[in-house]
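The values are calculated or read from the model by the stated rules, or taken from the named source; none is laboratory data. As the structure is a computational prediction, the values presented were derived from the model and not from experiment. Cβ atoms come from the backbone with ideal geometry, glycine included; neighbour counts cover every protein chain shown.
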Amino acid sequence: MDFKLTQEQQIFYDSIRKFALSELAEGAIARANAKEYPWDVARKFAGMGLLGIAFPEKDGGAGGSLVDSVLAIRAVAEVCPKSGDVIQAGNFGPIRTFVEYATAEQKARFLPDILAGKALISLGMSEPEAGSAVTELMTSLTPDGDGWRLNGTKIFGTNSVEAGVYLVYARFGPGTNGIGSVLVERGMEGFTIGKASDFMNGESWSTLFFDNVFIPKKNVLLGEGGFKKQISGFNVERLGNSARAVAVGRHAFNLAREHALVRKQFGRPLAEFQGLQWKFADMELKLSGAELLLMRAAVNAQDAPNGLPSAQDTALAKLACNEAGFFAANEAVQIMGGLGFSEESTAQYCLRRTRGWMIAGGSLEILRNRIAEGIFERRFDQRRRGDK
Ligand SMILES: Cc1cc2nc3c(=O)[nH]c(=O)nc-3n(C[C@H](O)[C@H](O)[C@H](O)COP(=O)(O)OP(=O)(O)OC[C@H]3O[C@@H](n4cnc5c(N)ncnc54)[C@H](O)[C@@H]3O)c2cc1C
């Protein structure tokens, strides 16, 4: 057992961190407070090969590993929290499921612009009546000639305002096995992107309405029976979410540490008050533990036949990272007082940002349910007995 990065991994992490410190640190506060997706950062990362790090070279990726992707997101988000979202969008989000299961033709159509930092793909999974109970989704596909007609509504999609293509979970037939996914392109007839609403993390998202949208065969990603595959791909998204949570928590921790060394009250630096020292000890304990669970999940994935992280490793990592990131950000705001609460600091952004990940893509409660299933080696159906 070895808890150190390899020499190449260390060099990779250090080089990205160096870039982040010289190019991204200065605008970090402005980026955090802005609503817009940082397209300029996306172009820069594309030029550095940081979009598609773990994708095969034949698909335009860098042929690296999931561990490399985790290192990249951490190196960036620890310095500029908002820019971590760009690494997520180009490596861990719906793009990862897309690369795993798309045909060569689909990849040729959509990947070049996404990997060039010029376009985004957004995930349409959640619905008004299907959040945690995602398999209850009602968005439906009915056969029509050489394709299908898509009807339904999707909510809460990250990058739903900016995306050019949407990976939409939809139902070809009844039950979990009836679920698959299709690619819906902006501008398709019957597809409406609703008015953007503002959310606590500073993002704006739109509701997506599908009114008899014709989906040609070439836009089907996974047909009937595809749900399990989608969720395996989604575990990578969850690790990206975990990596950002712990890195954003680390960013807040570092801010608070610097502040505690220079800010004096009662004639002494804050760092000399035991009441605050213990906060730092608890933050370090939670962040370090979460970082280890995250790396374990990413390293173990390398031995899996499909290269994807296991559900149990992922659930443990995400739960630990989400809680640690939020805990650290919350304590950082407290330690920094009024400054931490102000938009002059990224601490408040870290708090708002880490809060959302406790709900997104497997809430803390759903993750605990999943972990318990692993412990007892059986499934606990959340529905009441007798309910369909
Ligand atoms: C930051 C953020 C980003 C998101 N990005 C996307 C995206 O890109 N695409 C997308 O499709 N969706 C996205 N979502 C939506 C997200 O997936 C849902 O919010 C999530 O699945 C929870 O669903 P819900 O909001 O309907 O809450 P509900 O399912 O109504 O849950 C409400 C509360 O009840 C708890 N709960 C529900 N069932 C159980 C149970 N069986 N046991 C214990 N507790 C339970 C939940 O944990 C939660 O605390 C995002 C959400 C957030 C916050």
Count, please, the residues in the range 56-74 that happen to be crowded, with 24+ Cβ neighbours inside 10 Å and more than 16 Å from the ligand (Cβ to nearest atom).
6
In the set 380, 280, 327, 341, which member is aromatic (Phe, Trp, Tyr), over 30 Å from residue 3 (Cβ atoms) and more than 13 Å from the ligand (Cβ to nearest atom)?
341
Give, as residue ranges, the strands (runs of 3 or more DSSP E) completely inside the range 165-244 that count at least 1 residues that are buried (at least 20 other Cβ atoms within 10 Å of the Cβ) and under 21 Å from the mean Cα position of the chain (by Cα).
165-171, 179-185, 204-216, 220-222
Write out, first by first residue and then by second, each pair whose Cβ atoms fall under 6 Å of each other, whose residues are 6+ apart or on separate chains, and whose first residue, in the range 157-170, is in contact (Cβ under 8 Å) with a residue 40 or more places away in the chain while the second is among the polar types (S, T, N, Q) and near the ligand (Cβ under 9 Å from one of its atoms).
157/122; 159/122; 160/122; 163/122; 166/122
Condition first: buried (at least 16 other Cβ atoms within 10 Å of the Cβ), among the hydrophobic types (A, V, I, L, M, F, W, C) and within 11 Å of the ligand (Cβ to nearest atom). Now tell me which residues in the range 121-142 satisfy that.
121, 123, 125, 130, 134, 137
Quick check: anything in the range 97-109 within 15 Å of the ligand (Cβ to nearest atom), closer than 23 Å to residue 209 by Cα, in contact with a helix residue (DSSP H, G or I) (Cβ under 6 Å, 6 or more places away or on another chain) and not assigned by TED's automatic domain parsing to the domain that holds residue 367?
yes
I need a count of the residues in the range 143-163 that are assigned to a loop (DSSP other than H, G, I, E, B) and in contact with a strand residue (DSSP E or B) (Cβ under 7 Å, 6 or more places away or on another chain).
9
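Let's see how each residue does on (1) on the phi > 0 side of the Ramachandran plot; (2) out of contact with any Ser or Thr (no Cβ under 6 Å at 6 or more places or on another chain):
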site	(1), (2)
286	no, yes
317	no, no
333	no, yes
350	no, yes
357	no, yes
362	yes, yes
379	no, yes
Neighbours by Cβ (under 7 Å, 6+ apart or cross-chain): first from the range 325-344, touching a residue at least 24 places away in the same chain (Cβ under 8 Å); second exposed (fewer than 15 other Cβ atoms within 10 Å of the Cβ) and aromatic (Phe, Trp, Tyr):
333/341
Among the residues of the range 356-371, what is the count of those that are near the ligand (Cβ under 8 Å from one of its atoms) and either outside any loop (DSSP other than H, G, I, E, B) or among the polar types (S, T, N, Q) (or both)?
7
Only one residue in 190, 202, 157, 175 is outside the structural domain of residue 312 (by TED's automatic domain parsing), within 12 Å of the ligand (Cβ to nearest atom) and on the phi > 0 side of the Ramachandran plot, so which one is that?
202
Going by the conditions given, is residue 232 within 15 Å of the ligand (Cβ to nearest atom) and not assigned by TED's automatic domain parsing to the domain that holds residue 32?
no
Among the residues of the range 183-217, what is the count of those that are more than 30 Å from residue 81 (Cβ to Cβ), charged (D, E, K, R) and out of contact with any Ser or Thr (no Cβ under 8 Å at 6 or more places or on another chain)?
3
